[in-house]
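Asks: A single structure is presented below for examination.
The values are calculated or read from the model by the stated rules, or taken from the named source; none is laboratory data. This structure is a prediction, so every number in the text was calculated from the model and none was measured. With ideal geometry, Cβ positions are generated from the backbone for all residues, glycine too; neighbour counts draw on all protein chains shown.
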Amino acid sequence: MSLTTTQHIILPEPTLRRLPWYLAYIETLMARGEQHISSTGISKALNVDSSQIAKDLSFLNIKGKTRIGYNVSELAEALSAFLGFKQAHKACIFGTGSLGKALIRDKGLANYGLQIVGAFDVNPRVVGSCIEDVLVSDLSEINKVFETFEPVVAIITVPPDVAQEVADTAIKAGFKAIWNFTPYRVKVPENIVMANTSIYAHLALIYNRLKAN
């Protein structure tokens, strides 16, 4: 099996969204001591067409052997490395409400390469406190914090009405990626990586489908 991955390739977004599914399933197989898995086996477990799985993995130059399939541990290593989960990416949380605190306390994020090194808030009652050893600084201290840790990802969990302002401040400070958890559609320059994770949008989808059913 060839497990040499192509570096710096920009994958189609649907493929990129499926790869972590494959990795999560492969890791469960590793925990059970399984050594090989076919694309058909992955297909049955995840309800994704086996030909689509093979196509997705082909973007990474990952190929299984006939009648044997993929080596589970090697496939997990290749997927994790390609997705960037093996490399530490420093991040800061902007907004330490319930969601911001939850993300800081989520130890699982570190397993996927996300290292939260700082947090910001404008509430004087929380500025200066620590959440899981992460110091909460006033937003006015952003340049100082950036120079100290050199983070790349700004995680936005502030109220929607200030989301754009906070994103602009983060970009001006030097952050290269914005992970937006607010329902506000933040605008960023073309050279900034942008990802939106709207809990409310997914809730709307669930509620709509429930009504339809």
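Asks: Could you please let me know if Y70 is within 22 Å of S198 (Cα to Cα), in contact with a helix residue (DSSP H, G or I) (Cβ under 9 Å, 6 or more places away or on another chain) and modelled with pLDDT under 95?
Replies: Working: within 22 Å of S198 (Cα to Cα): no; in contact with a helix residue (DSSP H, G or I) (Cβ under 9 Å, 6 or more places away or on another chain): yes; modelled with pLDDT under 95: yes.
Answer is no for this residue.
Asks: Out of the residues in region 191-213 that are at pLDDT 95 or above and in a loop (DSSP other than H, G, I, E, B), state the one that is surrounded by the most Cβ atoms within 10 Å (Cβ to Cβ).
Replies: I192
Asks: Just to be sure before I move on: is G95 crowded, with 16+ Cβ neighbours inside 10 Å and either closer than 30 Å to I171 by Cβ or not assigned by TED's automatic domain parsing to the domain that holds I155 (or both) in the structure I sent? Walk me through it before giving the result.
Replies: Values: crowded, with 16+ Cβ neighbours inside 10 Å: yes; either closer than 30 Å to I171 by Cβ or not assigned by TED's automatic domain parsing to the domain that holds I155 (or both): yes.
Considered against the rule, which asks whether it is crowded, with 16+ Cβ neighbours inside 10 Å and either closer than 30 Å to I171 by Cβ or not assigned by TED's automatic domain parsing to the domain that holds I155 (or both), G95 comes out as yes.
Asks: Here's something else I'd like to know. Provide a single number: the residues in region 90-121 that are in contact (Cβ under 8 Å) with a residue 40 or more places away in the chain and β-branched (V, I, T).
Replies: Count: 2.
Asks: If I filter region 122-144 for residues that are without any contact (Cβ under 8 Å) to a residue 12 or more places away in the chain, under 25 Å from F85 (Cβ atoms), surrounded by fewer than 16 Cβ atoms within 10 Å (Cβ to Cβ) and not assigned by TED's automatic domain parsing to the domain that holds L23, do I get at least one hit?
Replies: yes
Asks: Yes or no: E150 surrounded by 14 or more Cβ atoms within 10 Å (Cβ to Cβ), modelled with pLDDT of 95 or more, within 24 Å of A88 (Cβ to Cβ) and acidic (D, E)?
Replies: no
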